[in-house]
Structure formats: C-alpha cells, structure tokens
Amino acid sequence: MDSFRPSRFGATDDPWFRVGTFDVGSSGVAGLLVLFGMVLWAVEGPLNPVSQLLWFDSSKVLGGELWRLLTWFVPNAPSLWAVVSAVIIYYFGSQMEGALGRVRMAQFLTVLVIIPSFVAVLLDLVFANTTIVFTGSGVVSLSGGVFYAFVAYMPHAKFFFGI
C-alpha cells in the first residue's frame with residue numbers, strides 16, 4: 001500500500017511554477033510562449049519591431065545575435081494553426097513531461113528548437129550569401145516533433161474517442 005508522500009519541491013516532476021492550481025511545466029511554458037507571440041504580433045501591428053528581434057536570421061546569428069537560435073518560434077502571426085500548435089505542444093508535451101520530468105522535457109524542447117536553427121546556419125555557411133529567415137511558422141515543426149515523440153514514447157496511449 002502506498003502511503004502519502006509529501007511533495008518534494010524542486011523535484012524533476014514538479015512544475016516550474018504554479019498559477020493558482022494550474023501547474024506550469026516545460027510544455028506549458030512553450031505553449032504559453034507561442035500564444036504570447038501571437039498577442040505580441042497582433043499588438044505590434046505591421047512593423048513588428050519586437051518580433052523582428054526574435055526572428056531567426058542566419059546572417060544576424062553569424063553576426064553574434066545568438067538568442068535568435070532559441071527565440072524564433074515565439075513570434076507568430078495570429079492563426080488557427082498557431083493555436084492548434086500551442087495546444088498540441090501543451091497537451092501531448094504535458095503527457096510526456098509526466099513521464100520524463102520537467103528538466104528532461106525542457107531539454108527535449110530545446111533540442112527541437114535548436115536543430116532547425118543549426119541546420120539553417122550550416123546551410124547559410126555552405127551556400128554563401130544566402131540569408132535564411134524564419135519565424136513562428138516553424139512552430140508547426142515544433143508541435144510536430146512533440147506529437148511524433150509522444151507517439152513513439154507512448155504508442156498505446158488512448159486519444160480522443162478511445163482511439
């Protein structure tokens with residue numbers, strides 16, 4: 001019989017923080033960043049000055065703006081696909097996070113964000129004078145990576161309608 005064990009604050013299965021009774025883990029933070037990026041994009045208008053600082057631009061990364069390797073998925077034009085991607089990242093990511101822990105899930109999400117960045121930088125180096133720019137449209141690849149990892153990690157998990 002399992003006895004009640006008090007929570008160990010700071011354990012890898014604890015959330016990063018709580019908002020009321022809602023636990024916000026790594027996948028919750030990633031999903032919230034996508035939603036925040038849509039709000040930011042909508043508030044900024046057509047010029048998008050802050051969003052342009054977060055976009056991935058290979059020439060600027062090679063010039064030393066390394067934060068762009070990690071922030072390209074945040075700015076998103078408001079769209080249904082960005083909302084669906086945020087939901088997928090949160091829903092399937094939180095399921096995986098329960099099994100992996102918050103630190104390993106954060107590492108996994110970081111790898112999913114950095115791989116396209118490094119590939120783009122390598123392509124820019126190979127094909128000189130080619131600037132590669134991308135932004136939140138890649139959030140679909142981020143949510144796809146989370147979904148495929150979920151399917152590979154939990155192949156017998158039930159989904160909607162018991163499928």
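Only the coordinates and a few stated rules stand behind these numbers; no lab work does. Please read all numbers here as calculations on a predicted model, not as lab measurements. So basically every Cβ, Gly included, is an ideal-geometry build from the backbone, and we count neighbours across all protein chains shown.
Over the Cα atoms, compute the radius of gyration (one decimal) and Dmax (the largest Cα-Cα distance, rounded to a whole number) for the stretch 56-163, in Å.
Rg then Dmax for the stretch 56-163, in Å: 15.7, 51.
Scan the stretch 67-114 for chymotrypsin sites (Phe, Trp or Tyr not before Pro) in coil per DSSP, keeping those whose Cβ has at most 14 other Cβ atoms within 10 Å, and list them by number. Don't skip to the end; give the middle numbers.
On the way: sites: TRP67, TRP72, PHE73, TRP81, TYR90, TYR91, PHE92, PHE108; in loops: TRP67, TRP72, PHE73.
Counting only loop positions with at most 14 other Cβ atoms within 10 Å, the chymotrypsin sites (Phe, Trp or Tyr not before Pro) in the stretch 67-114 are TRP67.
Which whole-Hz ³J(HN,Hα) couplings does the stretch 114-128 yield from phi under the Karplus relation 6.51 cos²θ - 1.76 cosθ + 1.60, θ = phi - 60°, glycine and proline marked x?
Here the 3J(HN,Hα) series is 7, 4, x, 5, 5, 4, 5, 5, 4, 5, 5, 6, 6, 9, 4 Hz.
What FRET efficiency would be calculated for the residue pair VAL126, VAL50, taking the C-beta separation as r and a Förster radius of 30 Å, to the nearest 0.05? Display every interim value, and only then the final one.
Numbers: r = 31 Å, r/R0 = 1.03.
With R0 = 30 Å, the Cβ-Cβ based efficiency is 0.45.
Quick one: grab the alpha carbon gyration tensor of the stretch 106-156, order the square roots of its eigenvalues as a ≥ b ≥ c, and give me rounded if a/c is under 1.5, else prolate or oblate depending on whether a/b is larger than b/c.
prolate
At a Förster radius of 41 Å, what calculated FRET efficiency corresponds to the Cβ-Cβ distance of SER59 and ALA157, to the nearest 0.05?
With a Förster radius of 41 Å, E is 0.45.
What is the extension gain from VAL84 to VAL111, computed as 0.36 nm multiplied by their sequence separation minus the C-alpha to C-alpha distance, in nm to one decimal? Mind showing how you got there, number by number?
Values: separation 27, 0.36 × 27 = 9.72 nm, distance 2.10 nm.
Using 0.36 nm per residue and subtracting the Cα-Cα distance, I get 7.6 nm.
For the stretch 66-163, which trypsin sites (Lys or Arg not before Pro) are in a loop by DSSP, counting at most 16 other Cβ atoms within 10 Å? If you can, show how the numbers build up before the last one.
Details: sites: ARG68, ARG102, ARG104, LYS158; in loops: LYS158.
Here the sparse-neighbourhood loop sites are LYS158.
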